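Down below is the structure, laid out as C-alpha cells.
Read-outs throughout are calculated quantities, based only on the coordinates presented, and are distinct from any laboratory measurement. Only a predicted model underlies this, so the values are computations on that prediction, with no experimental measurement involved. As a convention, Cβ positions derive from the backbone with ideal geometry for all residues, glycine included, and neighbour counts pool all protein chains shown.
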Amino acid sequence: MATEPDKRTTTRRRLLQAAAGVAALGAGRALFGADDSGPGPQTGPAAPAGPAAQARPRPPEPPAEAYRLRPMAGETSRSGPGAAAPHANIAYTLGADRREVFLTFDDGPHPRYTPQILRILRRHGVRATFFVIGENAVEFPGLLRAIAEDGHAVANHTWSHPQLTGLPPDAVRGELGRTSELIDDVLGAAPDLARAPYGAWDDVSLSICNELGMSPVGWATDSLDWTLPGAEYIADAVLAGIRPGAIVLAHDGGGPRRQTVEALRWYLPRLLDDGYRPVPIEP
C-alpha cells in the first residue's frame with residue numbers, strides 16, 4: 001500500500017508531466033545566445049528602485065544586448081518558503097536573525113559564465129541558488145549536474161522567460177511544469193523553488209507554482225547586473241544592499257555576464273570578511 005509521501009510524489013509527477021505536455025505544444029528560442037550579442041525587447045514598465053539603488057547614482061540604461069526587461073521586485077518581506085508544503089508567500093528575505101545571505105543567479109545555465117561562477121563559489125566554499133531557464137538547461141544538462149554536485153540549489157525560472165502575469169493559466173502551468181520535469185529528469189528530483197521572470201507574480205501564477213510543489217522566491221537586493229553598469233557598480237550595489245537574510249539577485253545567463261563574474265570575484269570575499277555566510281535557499 002502506498003504511503004502518503006509516495007502518493008504526494010506520484011501526484012506531483014503527474015501534474016508536472018501534464019504541464020510539460022501543454023508546454024511542448026509551443027517552442028521558443030534558447031536564451032543563452034551569443035556571449036556578447038543578441039538584442040531583444042526593450043519594452044516593459046520600469047520598477048521603482050530599491051533603497052540601495054536610490055542611495056547611488058542611477059545606473060545607465062541597459063544596452064541592447066542586456067535584453068531582459070527591468071526586474072519588478074516587491075516589498076521586502078519576512079516570510080519565506082515553508083519547511084514542508086509549498087509556501088504561498090513570496091520570499092524576499094529569510095532568517096534575518098543570522099548573518100546568512102542567499103546569493104541567487106538567474107537565466108542560466110550558460111556554457112561560459114556558469115562554470116566561472118561555480119569556480120568562484122567553490123574557491124570560497126560557499127553555496128548559492130541557481131534559477132534556471134528550461135530552454136538553456138535542456139541544452140546544457142551537464143551544467144545542471146555540475147551545479148547540483150557542488151551543493152547548490154537548482155530552482156525553476158520557467159522554460160522561456162515570459163512574463164507570467166500576461167499568460168493564460170495553461171501557459172503558466174506549461175512554463176513552470178515543463179522546466180520542473182526537465183530538472184527532475186536530469187537530477188532525479190523536481191525543484192522546490194521558483195522565481196517568476198522579472199519577479200512578476202499574480203494570484204494565478206502563485207497558485208500554479210504551489211500546485212506544482214514549489215514555493216515562490218523574490219529578492220531583497222538587486223545587483224543591477226542586468227543593466228551592465230560595470231563590475232565595480234555591481235559589487236557596490238550588492239555590498240550596499242546586503243543585510244542578514246537578504247536574497248541577492250544576479251544573473252549567470254540572459255546576456256553577457258563578464259561583469260557579474262568580476263563583481264562576484266571582488267565582493268564575495270568581502271562578504272565573508274564581514275561575517276556573512278552565503279547559503280542556498282532551502283524549502
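Can you tell me how many residues within the range 99-136 are in a helix (DSSP H, G or I) and crowded, with 24+ Cβ neighbours inside 10 Å?
Of the residues in that region, 5 qualify.
Kindly provide the set of residues from the range 177-204 that are among the small types (Gly, Ala, Ser) and surrounded by fewer than 24 Cβ atoms within 10 Å (Cβ to Cβ), ordered by number.
Hits for the range 177-204 are Gly188, Ala189, Ala190, Gly199, Ala200.
Name the single residue that is farthest from Ser205 (Cα to Cα) among those in the range 147-170 being buried (at least 17 other Cβ atoms within 10 Å of the Cβ) and of a type in the set (Gly, Ala, Ser).
Among them, the one singled out is Ala148.
Please find, within the range 192-207, the residue that is farthest from Gly134 (Cα to Cα) out of those that are touching a strand residue (DSSP E or B) at 6+ places or on another chain (Cβ under 8 Å), in contact (Cβ under 8 Å) with a residue 40 or more places away in the chain and of a type in the set (A, V, I, L, M).
Leu206
Out of Gly241, Gly174, Gly213, Gly255, report the one residue that is buried (at least 21 other Cβ atoms within 10 Å of the Cβ), within 15 Å of Ile133 (Cβ to Cβ) and touching an Asp or Glu at 6+ places or on another chain (Cβ under 9 Å).
Gly255
Before we move on, is Val238 in contact with a helix residue (DSSP H, G or I) (Cβ under 6 Å, 6 or more places away or on another chain), among the β-branched types (Val, Ile, Thr) and over 25 Å from Arg98 (Cα atoms)?
So Val238 does not fit the description; no.
Give the residue that is nearest to Ala263 (Cα to Cα), with candidates limited to residues of the range 222-238 that are among the hydroxyl-bearing types (Ser, Thr, Tyr) and crowded, with 21+ Cβ neighbours inside 10 Å.
That would be Ser223.
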